[in-house]
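The values are calculated or read from the model by the stated rules, or taken from the named source; none is laboratory data. All of these numbers come straight from a predicted model, not from anything done at the bench. Glycine also receives a Cβ, built like all others from the backbone with ideal geometry; neighbour counts cover every protein chain displayed. Note: accessible area is taken over every heavy atom of the protein model, side chains too, but ligands, DNA and RNA are not part of it. Shrake-Rupley method; radii C 1.70, N 1.55, O 1.52, S 1.80 Å.
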Amino acid sequence: MTITSATVEESTVDYRDPLVRLRTLFDQGTLRTLITQDDSGVLSARGEIDGTPAIAFATDATRMGGAMGIEGCKHVVDAIDIAVRERVPVIGLWHSGGARLAEGVVALDGVGQVFAAMVRASGRVPQISVVLGPAAGGAAYGPALTDIVIMAGAGRIFVTGPEVVRSVTGEQVDMERLGGPEPHGRRSGVVHITTKDDASAIDEARKLARLLGSQGRISPADVAEDRDLAATLPAEASRAYDVKPLVKALLDEPGVELHAKWAPNIVTTLGRFAGRTVGVIANNPLRLGGCLDASSAEKAARFVRMCDSLGVPLVVLVDVPGYLPGLGQEWDGVVRRGAKLLHAFAEAVVPRVTLVTRKAYGGAYIAMNSRSLGATAVYAWPSAEIAVMGASAAVNILHRKKLAASPADDREALRAKLIEEQMTEAGGVNRALEIGVVDDIIKPTETRKRLAETLADAPAARGAHGNIPL
Amino acid sequence: MADEIRAEMVANVWKVVAAVGDNIEEGDTLVILESMKMEIPVVAESDGVLKQLAVNEGDVVQEGDLIAVIE
């Protein structure tokens, strides 16, 4: 049989080869391996990503399904330690069945050393994981300990595989339903970004390495032009809307949204604003009315802590009706998990500016980077309202007896009058401005400029803490 | 593949916008719910044909209730 040379070349390139995978991550011609390729099951390298220096390692799926032994684990630990010394991002490409069985407890010890190295590096350099195939057992917790987890279509993360699940619990489930992009992207929150294929997963990792590894400087002059950000909101104040177009209009170019499908009632996006990397947090009224709940508070808290530890300033866009009420929420720990967001904002030292676009009510107002939690500045658009609760709900509570005592015929008229009084007294944004919890009312068309100036004037700072996967 | 759209929270069905048999694109509004003093559009998360509408205007939906099926 005659075969052309091109076919020979294609068939001899194993896409699972760690060197092949690392080459796709780095700019062409910049890859330098840190070790000689051996049978340890891991290869590590340095290189550049759009000119940003970075360190990466990849498990070798061509050997024992990428299982990790003590030698391979040492290579990973060394790669992470080098990244910390050089203060550059470290990216892990995962395709591994976990610890090498034949090595027994020696391999377990190695995997444990990898975990310890990741925690040492946490909050000091950006750590990004790309899951390209199954990452099981110990290999599941490797990615989970890092800042951002990207999963390609063939990626799977689980602690125990379908066969063990079947024998122990009797549940019939395949690998995809157990730990594929759908369950981890939407239900568990383990994965930040899901992609169709390997190439787009690598592409997302490159974008994030550049955003976090070369953060740039804020230049307010770059956002001097008018952009009417309010044009992305509906005219009727009571109509819910998707906040993502507002986030997009705020940023210089489309950012990278993390956890897009998990807890979608809050949006967390990394992107460039006035030339610098920022983290944007925005309530999304389209989902659950934009309420904060247990999952969204936890998602936002982790994002705040990641940005704080990596020195990324925050822009917080607030349109929140409150915490989601209900038995499910209370039992789901909305108090404990909601407290994480209060803690995360209150401890954050990066510049962080808040903009109230429409409303901020009650406990959720406090949680969304309020003045009392130490916001660098809090701005509001002219139509914004900050209150303990909406005026009509407040009237029903404050004037319950008065309303009940009034003749039934007059009750609605009285209610309307009381609501109007409540709006003037406690609604709007004037009272918040008076007591200094809102610094200024700004126009939608000058918002980008004012936010950029505020972030530029604030002293750069960075939280001295790790990024525990909350 | 059928895509079931379920209520995320307790709400009143304020308006039904789409009709069974409509061609639906991702992002199209199917019904508008009223909850938390807000009108909240329920949008399609996939392209397809609206196979079933399980709610009428004025209904109260609980979390997890079926609203529509897109095929």
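Results, tabulated for the structure shown:
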read-out	value
Residue within the range A:387-403 that is in contact with a Phe, Trp or Tyr (Cβ under 7 Å, 6 or more places away or on another chain), touching a residue at least 60 places away in the same chain (Cβ under 8 Å) and open to solvent by 10 Å² or more (accessible area, probe 1.4 Å) present	yes
Residue ranges of strands (runs of 3 or more DSSP E) in chain B with at least 3 members open to solvent by 40 Å² or more (accessible area, probe 1.4 Å)	B:3-6, B:11-16, B:48-53
Lone qualifier among B:25, B:34, B:45 - being under 21 Å from residue A:264 (Cβ atoms) and away from chain A (no Cβ under 13 Å)	B:25
Residues within the range A:345-363 that are away from chain B (no Cβ under 14 Å), of a type in the set (A, V, I, L, M) and without any contact (Cβ under 8 Å) to a residue 60 or more places away in the chain, tallied	1
Set A:342, A:288: member being open to solvent by 10 Å² or more (accessible area, probe 1.4 Å) and either β-branched (Val, Ile, Thr) or within 14 Å of chain B (Cβ to nearest Cβ) (or both)	A:288
Subset of the range A:219-230 that is touching a helix residue (DSSP H, G or I) at 6+ places or on another chain (Cβ under 7 Å) and not in a loop (DSSP other than H, G, I, E, B) - its residue that is farthest from residue A:285 (Cα to Cα)	A:220
Enumeration of residues in the range A:320-339 that are part of a loop (DSSP other than H, G, I, E, B), in contact (Cβ under 8 Å) with a residue 12 or more places away in the chain and open to solvent by 30 Å² or more (accessible area, probe 1.4 Å)	A:332
Residue within the range B:57-71 that is in contact (Cβ under 8 Å) with a residue 60 or more places away in the chain and within 13 Å of chain A (Cβ to nearest Cβ) present	no
Test: residue in the range A:108-118 that is more than 30 Å from residue A:261 (Cβ to Cβ), open to solvent by 20 Å² or more (accessible area, probe 1.4 Å) and among the aliphatic types (A, V, I, L, M)	yes
In the range A:316-339, the residues that are within 11 Å of chain B (Cβ to nearest Cβ) and not β-branched (Val, Ile, Thr)	A:319, A:321, A:322, A:323, A:324, A:325, A:326, A:327, A:328, A:329
Exclusive hit being at pLDDT 95 or above, touching a strand residue (DSSP E or B) at 6+ places or on another chain (Cβ under 9 Å) and over 28 Å from residue A:154 (Cβ atoms), set A:114, A:76, A:90, A:84	A:84
The range A:141-168 residues that are closer than 30 Å to residue A:269 by Cβ, paired with ones that are among the basic types (Lys, Arg) and outside any strand (DSSP E or B) (beta carbon under 8 Å, 6 or more apart)	A:152/A:196; A:153/A:196
The range B:1-22, residues that are within 12 Å of chain A (Cβ to nearest Cβ) and at pLDDT below 90	B:8, B:9, B:10
Filter result for residue A:293 (in contact with a helix residue (DSSP H, G or I) (Cβ under 9 Å, 6 or more places away or on another chain), crowded, with 22+ Cβ neighbours inside 10 Å and within 11 Å of chain B (Cβ to nearest Cβ))	yes
Among (1) open to solvent by 30 Å² or more (accessible area, probe 1.4 Å); (2) within 14 Å of chain B (Cβ to nearest Cβ), the one test that residue A:210 misses	(2)
Count of residues meeting criterion [touching a residue at least 24 places away in the same chain (Cβ under 8 Å), hydrophobic (A, V, I, L, M, F, W, C) and more than 14 Å from chain B (Cβ to nearest Cβ)] in the range A:232-253	4
